[in-house]
1. Just name the residue that is nearest to VAL431 (Cα to Cα) out of those in region 44-59 that are touching a Lys or Arg at 6+ places or on another chain (Cβ under 8 Å) and either polar (S, T, N, Q) or part of a strand (DSSP E or B) (or both).
2. What do you reckon, is HIS35 in contact with an Asp or Glu (Cβ under 7 Å, 6 or more places away or on another chain) and not acidic (Asp, Glu)?
3. Of the numbered conditions (1) open to solvent by 60 Å² or more (accessible area, probe 1.4 Å); (2) assigned to a loop (DSSP other than H, G, I, E, B); (3) of a type in the set (A, V, I, L, M), LEU253 satisfies every one except a single condition; which is it?
4. Take the residues of region 1-27 that are within 16 Å of ASN120 (Cβ to Cβ) and free of Cβ contacts under 8 Å to residues at least 60 places away in the same chain: which is nearest to the chain's Cα centre (by Cα)?
5. Among the residues of region 218-229, is any more than 16 Å from GLU283 (Cα to Cα), surrounded by fewer than 16 Cβ atoms within 10 Å (Cβ to Cβ) and touching a Leu at 6+ places or on another chain (Cβ under 9 Å)?
6. Consider only pairs whose beta carbons are under 6 Å apart and that are at least six residues apart or on different chains; among these, list those whose first residue lies in region 264-280 and is open to solvent by 40 Å² or more (accessible area, probe 1.4 Å) and whose second residue is assigned to a strand (DSSP E or B).
7. Tell me, please, whether a residue that is of a type outside the set (Lys, Arg) and without any contact (Cβ under 8 Å) to a residue 24 or more places away in the chain can be found in region 148-155.
8. Considering each of SER230, SER209, SER238, SER271 in turn, give the residue that is under 16 Å from LEU327 (Cβ atoms) and small (Gly, Ala, Ser).
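The values are calculated or read from the model by the stated rules, or taken from the named source; none is laboratory data. Being a predicted model, the structure only gives us computed values, none of them experimental. Neighbour counts are summed over all protein chains in view; Cβ atoms, including those assigned to glycine, are modelled from backbone coordinates with ideal geometry. What goes into the accessible areas is simple: the full protein's heavy atoms, side chains included, and nothing from ligands, DNA or RNA. Shrake-Rupley method; radii C 1.70, N 1.55, O 1.52, S 1.80 Å.
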Amino acid sequence: MTQEAQHSLSNRADEACSLLKEHIDKDHIVRVISHNDADGLSAAGVMCNAISKQGGKFHVTIVPRLKEENIKKLREERYKLFVFCDMGSAYVDLISKLKGNSIICDHHQIPGEDGEKYENLVHVNPHLFGMDGTRDVSASGVSYLSVRGMENVELSGLALVGAFGDMQCSDEIQSINKIILDEGIKANVIEEREDLKISYKKEEPVYKSLAYTFNPALKGISGDPDGAKSFLQEHGLSYGIKFEDLAPEEKDLLKDELIKINTKIFDKIYSVPREAPPLKEIEDYSRILDACGKNKKYGTGLSICIGEREPSLKEGIELAKKYRDSLVKGIDWINKEGSIHLNHIQYIYTDDKAKKKLMGTISSIGLELEILDPNKPVIAISKMHDIIKISGRTTMPMIKKGVNLGYALGEAAKSFNGAGGGHTIAAGAVVPFKDMDNFTDIVDEIVGNQISQ
């Protein structure tokens, strides 16, 4: 990322901030529309918290995807300012036709127009300035930049919740995410330490904590409670107690043995000390929001973000527990069933209601555990009545070879009057069920061309 690109993105975000403040000062209710995943919920949370701090009002709608009909319905609303978080870049022209002003805080690839020519719209997206929305900044980070001018450093932790939810911080935190992190640390909003990255270690017995650890993934352990138990027994370690109850020498041995499986298991952990205990660690916060989104409890997730904690947080924690159990079942399913291979991609398919909300996540985990072939992108297909919902996932090495799933799914979907797009590493699409085989064939062909260039 060049200094010039950073400066240009910041200037665009400052424009958004000025427009937002202008409407708040006029006592206009801000209409916020955001995505339903951890990043979208935290992006909306950043925006709504900033509006509230200024004494403003907001009306929020959380949606699983933005469609033309959503925007057309918004034309009937009389709001003076519309803010789109984690979506909108694919519909700049339509959004420009809304009656009021609009702000788009997005980080997805831009299919065409960039919004420069629209006087009533401020489009904030890293791709406009040659940056990478997959690694450099998430939607919650873009929202943070867009309210940063109103002194909102206390929201830096929430801005990174979305980045963790979008798997942008699995390796080194870089670019805009690093700037946000550094601001949070300097202001004592965020703390950094090195520790074992075991999930839910304060809540679950050690073997379950290990089985629920998917980032980073541990081969033979993640998603496999029996495998985790065997691993602990093999090394003479207690498995039925919580991590904090292990003897110091047991903790040291566990750390050494886990590092042999995946060195990333001992790494930097980021926390927000002022947060409620279940939300202190940023990754735990993102998992709870992710579970709320996957279970269509959008109001619960947003309430957690804006500080209306009771009883939302309790419900969010329960949803996270159910979700991680579902992930274990999902990993077991792909372990047994595998994937269907084409020349350049592989796909998994389900019409089972319980599996549909897991498909993207278990695809990512399956690739990391190498249950699925990491040398082929995964197209996860869920049947929804007469359409199919597609989640595409791949790996960084495949991206370096030229794979761009956002482009591949978007182009393939156009052939069937569907819609698609996203990032190079993760993308989505919706097309008619009857065209499923033709769709996967076209994606396979596009990916093949990307790799060969």
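1. HIS59
2. yes
3. Here LEU253 meets the rest and fails (2).
4. The residue in question is GLU22.
5. yes
6. Partner pairs satisfying both residue conditions: PHE266/LEU196; LYS268/GLU192; LYS268/GLU194; PRO273/GLU191; LYS280/SER271.
7. Checked against the condition, which is being of a type outside the set (Lys, Arg) and without any contact (Cβ under 8 Å) to a residue 24 or more places away in the chain, region 148-155 yields at least one hit.
8. Answer to the check: SER209.
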